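In what follows, a single structure is set out as structure tokens and then discussed.
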Amino acid sequence: MIRNIWAVGRNYAEHAKELGNEVPTEPMIFLKAGSTATLAAKELVVPAWMNEVHHEVELALQFDENLQIDEACIALDLTDRDKQNQLKSKGHPWTLAKSFKGATPLSAFFPVDDLEELKNLEIILKINGETRQMGNTNQMIFSLENLIEFVRQHFPVEPGDLLLTGTPAGVGPIRRGDALEAEIVGKMKHQWLAR
């Protein structure tokens with residue numbers, strides 16, 4: 001069971017720039033409820049009360065019983081961008097924009113024997129056949145080891161928790177009826193239909 005999702009904000013410099021944010025000097029972590037995750041579903045639901053839901057494709061790591069990484073998957077960190085911008089402008093938490101029902105669609109998991117195998121992977125998201133996001137894990141500001149150590153040091157990480165490692169540039173809106181295809185090249189591919 002996934003109890004907690006520890007998500008890293010602004011871990012790709014170009015993504016920070018596209019949203020007009022400063023590049024952080026230490027990992028910026030926000031919490032999503034584990035109950036927002038949907039595993040290997042064929043559909044993702046855009047809540048009726050949201051006007052601007054954005055896609056953010058990410059490499060997600062899962063902690064094992066020893067709080068080491070033994071599996072990974074593709075995650076979409078869905079974001080109510082209008083609500084997030086409103087909350088940020090007031091200095092309020094982002095929970096309503098990030099932790100709504102169905103806000104973290106996941107692919108199936110694949111095994112991880114060594115973190116080195118995750119450090120030079122292309123991450124791609126296509127919508128209706130058009131590439132919207134493309135990046136490489138070697139572009140991360142903070143390394144996987146640094147992120148793992150940071151969350152284990154500062155937070156009550158539990159077995160089964162996820163660590164979302166940040167999204168490359170190119171985030172944008174999802175519309176109902178969109179066909180999404182996310183890929184971590186050589187590791188995993190998954191498709192969703194937005195409804």
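The values are calculated or read from the model by the stated rules, or taken from the named source; none is laboratory data. All of these numbers come straight from a predicted model, not from anything done at the bench. Neighbour counts run over all protein chains shown; Cβ positions are idealised from the backbone, glycine included. For accessibility, only protein heavy atoms count, side chains too; no ligands or nucleic acids. Shrake-Rupley method; radii C 1.70, N 1.55, O 1.52, S 1.80 Å.
Points to keep in mind about this one:
- Surface share of carbon and sulfur [accessible, 1.4 angstrom probe, percent] for the stretch 69-195: 49 percent
- Highest-MSF residue in the chain out of GLU130, GLU58, GLU181 [GNM, Cα springs under 10 Å]: GLU130
- Its Cα centre serving as origin, the chain has a Cβ charge dipole (Lys and Arg +1, Asp and Glu -1) of approximately 1020 debye.
- Most positive-pole-ward Cα, GLY177, ASN146, LEU44, against dipole of the chain from beta carbon charges: GLY177
- Computing Cα Rg over 2.2 N^0.38 Å directly from the structure and comparing it against (i) 1.38; (ii) 0.94; (iii) 0.99 singles out (ii).
- Based on protein heavy atoms only, the chain ends up with 46 Å² per residue of surface accessible to a 1.4 Å probe.
- Dipole axis of the stretch 89-136 (+1 Lys, Arg; -1 Asp, Glu on Cβ), positive-most option in ASN136, LEU118, GLY91: GLY91
- Over 26 Å between alpha carbons, listed pairs LYS119/LYS189; LYS32/LYS189; LYS32/LYS88; LYS83/LYS119; LYS88/LYS189; LYS83/LYS187: LYS83/LYS119; LYS88/LYS189; LYS83/LYS187
- Beta bridges by DSSP in the chain, antiparallel share as percent, to the nearest 5: 85 percent
- Sequence-distant contacts, meaning Cα pairs under 8 Å at least 6 residues apart, place the relative contact order of the chain at 33 percent.
- Peptides 61-73, 105-117 ranked from most to least packed by the mean count of surrounding Cβ atoms within 10 Å: 61-73, 105-117.
- Loop-located trypsin sites (Lys or Arg not before Pro) in the stretch 49-146 (DSSP state other than H, G, I, E, B) with a sparse environment of at most 14 neighbouring Cβ atoms within 10 Å: LYS90, LYS101, LYS119.
- The chain: calculated mean residue ellipticity at 222 nm from DSSP helix runs of at least 4, using -39500 (n - 2.57): -4000 deg cm²/dmol
- Here the dipole of the stretch 33-106 is about 500 debye; that uses its Cα centre as origin and unit charges on the Cβ of Lys and Arg (positive) and Asp and Glu (negative).
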